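Just below is one structure, and these are the notes that go with it.
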Amino acid sequence: MTRTRSIDAKDFIHAVDLSGDGKQVVIEARGDLYALTPEKKLSTNLSMTPGTREMHPALSPDGRTVAFFSDRSGEYQMYTQPVSGGPWTQLTT
(Lines give C-alpha, C1' and ligand atoms only; values in the text may rest on other atoms or scores of the structure.)
Protein backbone atom coordinates (compact mmCIF):
# COMPACT_ATOMS: atom_id res chain seq x y z
CA MET A 1 0.00 0.00 0.00
CA THR A 2 1.40 3.37 -1.01
CA ARG A 3 0.39 6.57 0.68
CA THR A 4 0.95 9.94 -0.84
CA ARG A 5 0.94 13.00 1.27
CA SER A 6 2.16 16.52 0.96
CA ILE A 7 4.14 18.17 3.72
CA ASP A 8 4.60 21.92 3.69
CA ALA A 9 8.30 22.58 4.24
CA LYS A 10 7.58 26.00 5.77
CA ASP A 11 6.42 24.22 8.91
CA PHE A 12 9.86 22.61 9.32
CA ILE A 13 12.37 25.45 8.74
CA HIS A 14 15.54 24.96 10.80
CA ALA A 15 17.95 27.56 9.38
CA VAL A 16 17.93 30.65 7.14
CA ASP A 17 20.73 32.74 5.65
CA LEU A 18 20.48 35.95 3.64
CA SER A 19 23.00 37.22 1.09
CA GLY A 20 24.77 40.51 1.77
CA ASP A 21 22.71 42.34 -0.85
CA GLY A 22 19.44 40.79 0.35
CA LYS A 23 18.61 39.38 -3.09
CA GLN A 24 19.13 35.72 -2.24
CA VAL A 25 17.94 33.56 0.66
CA VAL A 26 18.81 29.95 1.47
CA ILE A 27 16.63 27.90 3.81
CA GLU A 28 17.10 24.49 5.40
CA ALA A 29 13.78 22.73 5.87
CA ARG A 30 13.14 19.03 6.43
CA GLY A 31 16.80 18.26 5.69
CA ASP A 32 16.78 19.87 2.24
CA LEU A 33 18.19 23.21 1.09
CA TYR A 34 16.06 25.70 -0.80
CA ALA A 35 17.29 28.79 -2.62
CA LEU A 36 14.80 31.65 -2.72
CA THR A 37 14.89 34.72 -4.92
CA PRO A 38 12.22 36.92 -3.33
CA GLU A 39 11.99 39.59 -6.05
CA LYS A 40 11.32 36.91 -8.70
CA LYS A 41 9.20 34.77 -6.33
CA LEU A 42 11.30 31.71 -7.22
CA SER A 43 12.31 28.78 -5.03
CA THR A 44 14.58 25.90 -5.96
CA ASN A 45 15.29 22.71 -4.01
CA LEU A 46 19.08 22.61 -4.21
CA SER A 47 19.69 19.25 -2.58
CA MET A 48 16.87 16.88 -3.59
CA THR A 49 18.55 14.07 -1.65
CA PRO A 50 16.05 11.64 -0.13
CA GLY A 51 17.49 9.74 2.81
CA THR A 52 20.16 12.32 3.62
CA ARG A 53 20.17 15.57 5.50
CA GLU A 54 21.70 18.90 4.61
CA MET A 55 22.06 21.52 7.34
CA HIS A 56 23.66 24.79 8.47
CA PRO A 57 23.59 26.61 5.10
CA ALA A 58 25.68 29.76 4.75
CA LEU A 59 25.64 31.99 1.69
CA SER A 60 28.78 33.59 0.30
CA PRO A 61 28.80 37.39 0.58
CA ASP A 62 27.90 37.75 -3.12
CA GLY A 63 25.02 35.25 -2.77
CA ARG A 64 26.29 32.98 -5.55
CA THR A 65 27.46 29.99 -3.49
CA VAL A 66 26.09 28.16 -0.48
CA ALA A 67 28.23 26.19 1.99
CA PHE A 68 26.55 23.48 4.06
CA PHE A 69 26.96 20.13 5.80
CA SER A 70 25.52 16.89 4.40
CA ASP A 71 25.57 13.30 5.60
CA ARG A 72 25.27 11.83 2.10
CA SER A 73 28.65 10.08 2.51
CA GLY A 74 27.55 8.47 5.76
CA GLU A 75 29.27 11.13 7.89
CA TYR A 76 28.71 14.87 7.91
CA GLN A 77 31.04 16.64 5.50
CA MET A 78 31.14 20.25 4.31
CA TYR A 79 30.20 21.07 0.73
CA THR A 80 29.63 24.08 -1.48
CA GLN A 81 27.20 24.43 -4.36
CA PRO A 82 26.23 27.26 -6.69
CA VAL A 83 22.91 28.78 -5.61
CA SER A 84 21.79 28.37 -9.23
CA GLY A 85 22.15 24.60 -8.75
CA GLY A 86 24.70 22.16 -10.04
CA PRO A 87 27.30 19.79 -8.65
CA TRP A 88 28.52 19.90 -5.08
CA THR A 89 32.17 20.40 -4.15
CA GLN A 90 33.25 18.48 -1.05
CA LEU A 91 35.53 20.54 1.19
CA THR A 92 36.21 18.05 4.03
CA THR A 93 37.00 14.34 4.23
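The table below gives the values:
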item: Pair list, Cβ < 9 Å and 6+ apart or interchain, from region 3-26 residues that are surrounded by 13 or more Cβ atoms within 10 Å (Cβ to Cβ) to residues that are part of a helix (DSSP H, G or I); result: 23/38; 23/39; 24/38; 25/38
item: Selection count where residues are assigned to a loop (DSSP other than H, G, I, E, B), under 18 Å from residue 83 (Cβ atoms) and not small (Gly, Ala, Ser), scope region 2-31; result: 3
item: Members of region 55-87 found to be open to solvent by 40 Å² or more (accessible area, probe 1.4 Å) and either over 17 Å from residue 25 (Cβ atoms) or aromatic (Phe, Trp, Tyr) (or both), listed by number; result: 69, 71, 72, 73, 74, 75, 76, 78, 86, 87
item: Among (1) touching a Ser or Thr at 6+ places or on another chain (Cβ under 6 Å); (2) modelled with pLDDT under 95; (3) among the aliphatic types (A, V, I, L, M), the one test that residue 29 misses; result: (1)
item: Members of region 14-53 that are aliphatic (A, V, I, L, M) and over 11 Å from the mean Cα position of the chain (by Cα); result: 18, 42
item: Meets criteria (assigned to a loop (DSSP other than H, G, I, E, B) and hydroxyl-bearing (Ser, Thr, Tyr)) for residue 49; result: yes
item: Test: residue in region 71-80 that is in contact with a strand residue (DSSP E or B) (Cβ under 7 Å, 6 or more places away or on another chain), in a loop (DSSP other than H, G, I, E, B) and touching a residue at least 24 places away in the same chain (Cβ under 8 Å); result: no
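The values are calculated or read from the model by the stated rules, or taken from the named source; none is laboratory data. Quick caveat, the model's predicted, so the values are computed rather than measured. In this analysis, Cβ positions are derived from the backbone assuming ideal geometry, glycine residues included, and neighbour counts consider all displayed protein chains. Ligands, DNA and RNA are excluded from the accessible area calculation, which covers all protein heavy atoms including side chains. Shrake-Rupley method; radii C 1.70, N 1.55, O 1.52, S 1.80 Å.
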